[in-house]
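Peer 1: This is the structure, below, for whatever I ask next.
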Amino acid sequence: MKPSVSVVFASFVALISAIVLVVFIRLPVSSLWRGYNILYVPVELEEQVVLQALEAVGIVDVVSLSKQQQPVYSTFAPVQSIVSTQHSYLRQRENYFFDRSQQMQLFYVPSESMEQAQTVVDFLQSLPGGMNAGLEGKTTYPWMVPLVVFLVFLILVVLSRAKGFMLTVGFFPLLFSICIPSYSGAGGALLLLYCFFLCSTFWKRKDMFKAIKKSALILLFGCASVPVAFMGSWKEGLLFLVTIVASLSLCFVLMNWEPKKSKGFMPVPIRSARLVSVVSSVASFTLFIPAVAATILSISLLFFGYFPSDTSINGLFLPAPARYTDTMSFDSVSFQDNGQQAYLEEELPSLVHYVDWVWDTLTYSYRSLHELQVFELVSAGETLLLPSYRVNQEGIIQEEYTPVYSLDDAFISSVMEGIQDGAFQIEAVLKKQNCFTSVVYRRMGDFLAGGSQGQVFIFLSLFTTIVISLIAGIFIWRIQK
């Protein structure tokens, strides 16, 4: 049988989709910082030895302690009095370059240089006293995700009456979970697999597509799979749409390119799809499979962390953002919301403290030296007024106030623009996080979720998968009862 043009085209679409999934494979990385990974070495090793080793492999854009400079100077008062050296911003900033125990010195290496940095780690570990050197954020593959999806796929194939159909349309959701091993993507793949499993009841029957379109249960699982996949990130969502298109293309090929027998008897289902109920004993038994699988992934997520732990040193606490975001939010409202912490309680100053320090530096020459110096963050909207005097028409000396600085969106924007992305300053690392987040010490290997794969959305995707499966199961149970 010669394949038609439509079959060839559908096969081509499936092939291109497979290439896209493989090319855009995304392996999770348990990195604490967006755009940077921390290289930690024992403090016994000199900093210059580490920097020379990094430069030898072509890594020069490293943020280290010796490269830190005073970011801003006041042209009117380049020398300023410091009430407390211990709690000044420039002094506290040095904490970024040591772990909490002060036993490890830290270097911030660009994420794109991870492979070369691992070579440096191997070299440093061979040096006397460098055995505990390591690199935070190693790429790890979460085998639990594709394994759970594969087991569900295998169970549905065994229980399906149309095993050839299930094997064909379930191939791409399985490939998606292998190439994009995320928890949210797995939730979408589970729902899509069960949608295909319910569709297999109507396979090769008359009016199959009409029956599928009228089945609320099939539409529930199929339509819900898309937003669940998008909860991880829009990139994962787009690749999931590619997965759906590829599965439907293979289904079309299977329908239209089966060898026809010239002799013999080919069985055809007598009852049309409209006369067959998708609610069967098998469907009732398997409706809870997505919920069980999502529960297993949730337990894995809670007990083992988003990714496998990366703890070469037990109990190593490193500086890390308290939260992550994809949307840049450097404005006066965000500044005020994140500036509620007491200044003296901050071991690791954030960009809120940096903006406050820039404000103090620039306004120092306009303030009275007799003012009481207290460690309080400046409030958004505060304005520095410079008094001036003039003689009006009546010959009376009149006092006027001219605004010199105002801590508003424009001031914050100018401070952020002054932080160069390619600079070797720790402020550039903080700016890369897109928000005025506080910075805390976090144990390496703990639950991590950077960027668009926020912790809330990951749990929400699995929770949605569980709820949809349970609601459908209860609905079928009530009908049959």
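The values are calculated or read from the model by the stated rules, or taken from the named source; none is laboratory data. The structure presented is a predicted model; accordingly, all values stated were derived computationally and were not measured. Using ideal geometry, Cβ is built from the backbone for each residue, glycine included, and neighbour counts are taken over all protein chains shown. Quick note on the areas: whole protein, heavy atoms, side chains included, nothing else; ligands and nucleic acids left out. Shrake-Rupley method; radii C 1.70, N 1.55, O 1.52, S 1.80 Å.
Peer 1: Please enumerate the residues belonging to the range 20-73 that are open to solvent by 50 Å² or more (accessible area, probe 1.4 Å) and among the charged types (D, E, K, R).
Peer 2: Answer for the range 20-73, where residues must be open to solvent by 50 Å² or more (accessible area, probe 1.4 Å) and among the charged types (D, E, K, R): Arg26, Arg34, Glu44, Glu46, Glu55, Asp61.
Peer 1: For the range 226-234, does any single residue satisfy the condition of being at pLDDT 85 or above, touching an Asp or Glu at 6+ places or on another chain (Cβ under 8 Å) and open to solvent by 30 Å² or more (accessible area, probe 1.4 Å)?
Peer 2: Yes - at least one qualifying residue is present in the range 226-234.
Peer 1: Might you let me know whether the range 14-34 holds any residue that is more than 27 Å from the chain's Cα centre (by Cα), assigned to a strand (DSSP E or B) and in contact (Cβ under 8 Å) with a residue 12 or more places away in the chain?
Peer 2: So far as the range 14-34 goes, no, none of its residues is more than 27 Å from the chain's Cα centre (by Cα), assigned to a strand (DSSP E or B) and in contact (Cβ under 8 Å) with a residue 12 or more places away in the chain.
Peer 1: Are there any pairs with C-beta distances below 7 angstrom linking a residue in the range 412-441 that is closer than 13 Å to Ser350 by Cα to a residue that is open to solvent by 50 Å² or more (accessible area, probe 1.4 Å) and not in a loop (DSSP other than H, G, I, E, B), with the two at least 6 apart or on different chains, and if so which?
Peer 2: Tyr441/Phe317
Peer 1: Given the conditions (1) modelled with pLDDT under 60; (2) farther than 24 Å from Leu460 by Cβ, report the number of the one that Phe304 does not fulfil.
Peer 2: (2)
Peer 1: Here is a further query. Among the residues of the range 373-407, write down those that are more than 23 Å from Ser88 (Cα to Cα) and either touching a helix residue (DSSP H, G or I) at 6+ places or on another chain (Cβ under 6 Å) or of a type in the set (S, T, N, Q) (or both).
Peer 2: The answer is Ser388, Asn392, Gln393, Gln398, Thr402.
Peer 1: Of the conditions (1) surrounded by fewer than 19 Cβ atoms within 10 Å (Cβ to Cβ); (2) out of contact with any Leu (no Cβ under 8 Å at 6 or more places or on another chain); (3) modelled with pLDDT of 75 or more, Ser280 fails just one. Which one is it?
Peer 2: Failed condition: (3).
Peer 1: Follow-up. Being open to solvent by less than 70 Å² (accessible area, probe 1.4 Å) and out of contact with any helix residue (DSSP H, G or I) (no Cβ under 6 Å at 6 or more places or on another chain) narrows it down to one of Ala162, Ala133, Ala186, Ala117, so name that one.
Peer 2: Going through Ala162, Ala133, Ala186, Ala117 in turn, just one is open to solvent by less than 70 Å² (accessible area, probe 1.4 Å) and out of contact with any helix residue (DSSP H, G or I) (no Cβ under 6 Å at 6 or more places or on another chain): Ala117.
Peer 1: Every residue in the range 337-376 that is at pLDDT below 80 and either open to solvent by less than 40 Å² (accessible area, probe 1.4 Å) or touching a Cys at 6+ places or on another chain (Cβ under 6 Å) (or both), please.
Peer 2: Within the range 337-376, Asn338, Gly339, Tyr343, Glu346 qualify.
Peer 1: Can you confirm whether Ile155 is in contact with a Pro (Cβ under 7 Å, 6 or more places away or on another chain), open to solvent by 70 Å² or more (accessible area, probe 1.4 Å), at pLDDT 90 or above and assigned to a helix (DSSP H, G or I)?
Peer 2: Details: in contact with a Pro (Cβ under 7 Å, 6 or more places away or on another chain): no; open to solvent by 70 Å² or more (accessible area, probe 1.4 Å): yes; at pLDDT 90 or above: yes; assigned to a helix (DSSP H, G or I): yes.
Answer is no for this residue.
Peer 1: Kindly evaluate Phe150 against the criterion of being open to solvent by 20 Å² or more (accessible area, probe 1.4 Å) and at pLDDT 90 or above.
Peer 2: Values: open to solvent by 20 Å² or more (accessible area, probe 1.4 Å): yes; at pLDDT 90 or above: yes.
Taking the combined requirement at face value, the residue satisfies it.
Peer 1: Does Phe107 qualify as being touching a helix residue (DSSP H, G or I) at 6+ places or on another chain (Cβ under 7 Å), open to solvent by 10 Å² or more (accessible area, probe 1.4 Å) and not in a loop (DSSP other than H, G, I, E, B)?
Peer 2: no
Peer 1: Further question on the same structure: Kindly list, by first and then second residue, each pair from a residue in the range 231-256 that is among the aromatic types (Phe, Trp, Tyr) to a residue that is part of a helix (DSSP H, G or I), limited to pairs with Cβ atoms under 6 Å and residues at least 6 apart or on different chains.
Peer 2: If the second residue must be part of a helix (DSSP H, G or I), the pairs left are Phe240/Gly188; Phe240/Ala229; Phe252/Ala10.
So that you can scan it fast, the table gives a plain yes or no per residue for (1) at pLDDT 85 or above; (2) within 25 Å of Ser329 (Cβ to Cβ); (3) in a loop (DSSP other than H, G, I, E, B):
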site: Tyr389; (1), (2), (3): no, no, no
site: Phe411; (1), (2), (3): yes, yes, no
site: Gln433; (1), (2), (3): yes, yes, yes
site: Arg442; (1), (2), (3): no, yes, no
site: Phe463; (1), (2), (3): yes, no, no
site: Val467; (1), (2), (3): yes, no, no
site: Ile476; (1), (2), (3): no, no, no
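Peer 1: Got a number for residues in the range 48-92 being among the β-branched types (Val, Ile, Thr) and either modelled with pLDDT of 75 or more or closer than 19 Å to Val352 by Cβ (or both)?
Peer 2: Taking the range 48-92 first, the residues among the β-branched types (Val, Ile, Thr) are 49-50, 57, 59-60, 62-63, 72, 75, 79, 82-83, 85.
If we keep only those that are either modelled with pLDDT of 75 or more or closer than 19 Å to Val352 by Cβ (or both) as well, we get 49-50, 57, 59-60, 62-63, 72.
Qualifying residue count, the range 48-92: 8.
Peer 1: Return the residue satisfying two criteria in turn: it lies in the range 136-147 and is open to solvent by less than 10 Å² (accessible area, probe 1.4 Å) and more than 30 Å from Phe196 (Cβ to Cβ), and of such residues it is modelled with the lowest pLDDT.
Peer 2: Gly137
Peer 1: For the structure I just gave you, tell me whether Glu47 is acidic (Asp, Glu) and under 30 Å from the mean Cα position of the chain (by Cα). Quick ask: steps written out before the conclusion?
Peer 2: Numbers: acidic (Asp, Glu): yes; under 30 Å from the mean Cα position of the chain (by Cα): no.
The answer is no for Glu47.
Peer 1: Identify, please: which residue in the range 320-329 is closer than 16 Å to Pro349 by Cα and in a loop (DSSP other than H, G, I, E, B) and is, among those, most open to solvent (accessible area, probe 1.4 Å)? First the steps, then the outcome.
Peer 2: Applying the first criterion (closer than 16 Å to Pro349 by Cα) to the range 320-329 yields 320-323.
Going one step further and asking which of them are in a loop (DSSP other than H, G, I, E, B), we end up with 322-323.
Working: Ala322: 48, Arg323: 98 Å².
Among those residues, the one meeting the criterion is Arg323.
Peer 1: Would a scan of the range 200-220 turn up a residue that is open to solvent by less than 20 Å² (accessible area, probe 1.4 Å), modelled with pLDDT of 80 or more and either touching a Gly at 6+ places or on another chain (Cβ under 8 Å) or within 25 Å of Ala14 (Cα to Cα) (or both)?
Peer 2: Yes; the residues of the range 200-220 include at least one that is open to solvent by less than 20 Å² (accessible area, probe 1.4 Å), modelled with pLDDT of 80 or more and either touching a Gly at 6+ places or on another chain (Cβ under 8 Å) or within 25 Å of Ala14 (Cα to Cα) (or both).
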